[in-house]
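**Q** For reference, the structure I am asking about is given below.
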Amino acid sequence: MKQTRKLVLSAFFMALGIVLPFLTGQFQQIGNRLLPMHIPVLLCGFICGWQYGLAVGLMTPLLRSAMFGMPPIMPTAVAMAVELAVYGVMTGILYARLPKKNSYIYVSLISAMIAGRAAWGIVSIPLNGIAGSRFSVGIFMAGALWNAVPGIILQIVMVPAIIIALKKAGMMNGYETGAVSLHVRQDG
């Protein structure tokens, strides 16, 4: 049953990652700054574990690109797929291995964000070359940092708040071992 729950939750997070960008879709600059596809992937890694975070992170931007043409497959969706896959893997692994104090949620999240952005930068170099465009340190800094500040802040505020709230509500079971699943608390 645990695997079924993780699969269902992963499908939910993937659907959320596909739908959330519609909230900012009319304003591409806002979407590029708020990074709405990232939050469900980060949550999936924390809640379902690294394997599911990897799958959701890898598939969400590619599936959204195939379904709606946004983000463009090359180089954007492919680079995002690598970035988000790293997010899902890192949050899942770090959350499972680090102490279960709330402060370590931030450590897991920020480490995953740094690793994911670094992976995005590394894969963007050859992908942009294949796509016929240039990728520079300036483009990396703008895309991974300066333009993304609102999304980074949103992630640092929302993701830990959601995980902490789920823990306090008793809705996360097994997070001590990294085998996280949500369950409905039954009182009485």
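**Q** Can you tell which of Gly92, Ser65, Leu34 lies farthest toward the positive end of the dipole of the chain, using +1 and -1 charges on the Cβ of basic and acidic side chains (Lys, Arg; Asp, Glu)?
**A** Gly92
**Q** Tell me the angle of helix 2-19 to the major Cα principal axis of the chain, expressed in degrees between 0 and 90 and rounded to the nearest ten.
**A** 40
**Q** Also, quick follow-up: Helix 38-48 sits at what angle to the longest principal axis of the chain, using alpha carbons and giving 0 to 90 degrees rounded to 10?
**A** For helix 38-48, the angle is close to 30 degrees.
**Q** What is the Cα radius of gyration of the chain over 2.2 N^0.38 Å, N being its residue count?
**A** Normalised Cα radius of gyration, the chain: 1.02.
**Q** If contacts are Cα pairs under 8 angstrom and at least 6 residues apart, what is the relative contact order of the range 17-101 in percent?
**A** So the answer I get is 33 percent.
**Q** Roughly speaking, to the nearest percent, how much of the range 1-152's 1.4 Å accessible area is carbon and sulfur?
**A** 73
**Q** Further, regarding this structure: Angle check, please: helix 102-131 long axis (alpha carbons) against the longest principal axis of the chain (alpha carbons), in degrees 0 to 90, nearest 10.
**A** Relative to the chain, helix 102-131 is tipped by roughly 30 degrees.
**Q** Turning to a different aspect of this structure: Could you work out the local net charge near Gln155, counting Lys and Arg as +1, Asp and Glu as -1, over the other residues with Cβ closer than 13 Å to its Cβ? The partial results should precede the final answer.
**A** Details: positive: Arg33, Arg117; negative: Glu83.
Overall, the nearby charge balance is +1.
**Q** Where is the GNM fluctuation largest for the chain (alpha-carbon springs, 10 angstrom cutoff): Ser111, Ser124, Ser103?
**A** Ser103
**Q** What net charge is computed for the residues neighbouring Val41, neighbours being all others with C-beta under 15 Å from the C-beta of Val41, Lys and Arg scored +1, Asp and Glu -1? Walk me through the numbers on the way to the answer.
**A** Numbers: positive: Lys6, Arg64, Arg117; negative: Glu83.
Overall, the nearby charge balance is +2.
**Q** Pick out which of Thr60, Thr24, Thr76 has the largest mean-square fluctuation in a Gaussian network model of the chain, springs linking Cα atoms closer than 10 Å.
**A** Thr24
**Q** Using a simple spin-label model with points 7 Å from Cα along the Cα→Cβ vector, what separation in nm is obtained for Asn102 and Lys168?
**A** Here the answer is 0.6 nm between the modelled labels.
The values are calculated or read from the model by the stated rules, or taken from the named source; none is laboratory data. Here the structure is a predicted model, which is why all the values come from computation and not from measurement. Heads up, the Cβs are rebuilt from the backbone with ideal geometry, glycines too, and the neighbour counts pull from every protein chain shown. These accessible areas exclude ligands, DNA and RNA; they are computed on the full protein's heavy atoms, side chains included. Shrake-Rupley method; radii C 1.70, N 1.55, O 1.52, S 1.80 Å.
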